[in-house]
Amino acid sequence: MKKHWYDHLWIASLAYLALGFFNILFAWLGLLCFFIPLIISAVKGTKGYCNRYCGRGQLFGLLGGRFGLSRKKDIPGWMKSKAFRYDFLAFFFAMLFVMLWNTWLVFSGAQDLRQAVTLLWTFRLPWHWAYHGTLFHAGVAQLAFGFYGVMLTSTLLGLVTMVLFKPRSWCVYCPMGSMTQLICKAKNKNG
């Protein structure tokens with residue numbers, strides 16, 4: 001089967017995690033993974049990003065498939081359910097709101113920059129080596145720390161479900177996949 005340029009986007013996922021480890025401001029690149037799927041689904045009415053361009057899904061497919069790091073078991077029914085997927089999406093939005101609130105507090109001067117990445121929305125990991133001050137306001141770095149924490153957490157959840165179940169099990173309940181699915185349903189219903 002012929003390989004395309006987008007078949008190698010798993011490298012971008014690994015590069016993103018590595019760059020954010022050394023310089024947190026690279027975490028801003030993660031916004032591409034947030035907006036591009038929404039734009040594709042809004043314009044085309046498809047989940048083309050999820051099916052073709054998602055580097056994280058490709059990474060899980062590679063690790064779990066080619067490298068055999070997956071048990072290749074079916075994901076439990078409750079994880080496929082609309083209730084779980086939309087509850088997880090709501091939880092994701094709540095955590096996104098907390099991240100934006102903390103960023104606003106830093107921008108407003110009400111709170112100092114927290115040079116930490118929050119893993120699994122609970123564990124604060126010191127990440128001071130990844131930020132050395134810049135020309136930008138500390139709020140710019142605060143958003144980067146928060147967004148990197150979201151991306152690292154979702155990668156960790158994806159790796160766990162990849163090992164326990166099928167390689168791309170994360171894709172079943174991924175908040176971006178749920179949002180793009182909702183957009184596609186609305187667009188195709190009205191189109």
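Bear in mind that the values in this text are calculations on the coordinates, not laboratory data. Only a predicted model underlies this, so the values are computations on that prediction, with no experimental measurement involved. With ideal geometry, Cβ positions are generated from the backbone for all residues, glycine too; neighbour counts draw on all protein chains shown.
For Tyr131, the residues whose amide H sits under 5 Å from its own are Ile24, ignoring neighbours fewer than 5 places away on the same chain, with H placed 1.01 Å from N. Compute the signed sum of charges (Lys and Arg +1, Asp and Glu -1) over the other residues within less than 12 Å, Cβ to Cβ, of Gly149. Net charge in that neighbourhood comes out at +2.
With both labels modelled 7 Å from their Cα along Cα-to-Cβ, the Phe35 to Ser108 distance reads 2.5 nm. About its Cα centre, the chain has a charge dipole of approximately 1000 debye under the convention of +1 per Lys or Arg Cβ and -1 per Asp or Glu Cβ, with nothing else charged. For Asn190 and Ala94, the difference between the fully extended length at 0.36 nm per residue and the C-alpha to C-alpha distance is 31.7 nm. Backbone geometry of segment 84-101 corresponds, through the Karplus equation with coefficients 6.51, -1.76 and 1.60 at θ = phi - 60°, to 3J(HN,Hα) couplings of 5, 4, 7, 5, 5, 5, 5, 4, 4, 5, 4, 5, 5, 4, 4, 4, 5, 4 Hz, x marking Gly and Pro.
Working note: Karplus 6.51/-1.76/1.60 with θ = phi - 60° gives segment 27-35 the couplings 4, 4, 4, x, 4, 4, 6, 8, 8 Hz, where Gly and Pro are set to x. Each principal axis of the Cα cloud of the chain was taken in turn, and the coordinate range along them, longest first, works out to 49, 42, 34 Å. Placing unit charges on each Cβ (+1 for Lys and Arg, -1 for Asp and Glu) gives segment 46-191 a dipole about its Cα centre, and among Leu152, Ala83, Asn51 the Cα reaching farthest toward its positive end belongs to Asn51. By other beta-carbon atoms within 10 Å, ranking Leu113, Leu100 with the fewest at the front produces Leu100, Leu113. For Val106, neighbours were defined as the other residues whose beta-carbon sits under 10 Å from its Cβ, and their charges (Lys and Arg +1, Asp and Glu -1) total 0.
For the cross-link pairs Lys3/Lys72; Lys73/Lys189; Lys47/Lys72; Lys44/Lys82, the ones whose C-alpha atoms lie over 32 Å apart are Lys73/Lys189. For Val117, the residues 5 or more places off, or on other chains, whose built amide H falls under 5 Å of its own are Leu125, Trp127.
Take the alpha-carbon centre of segment 1-64, take the same for segment 117-160, and report the distance between them in whole Å. Segment 1-64 and segment 117-160 have Cα centres separated by 18 Å.
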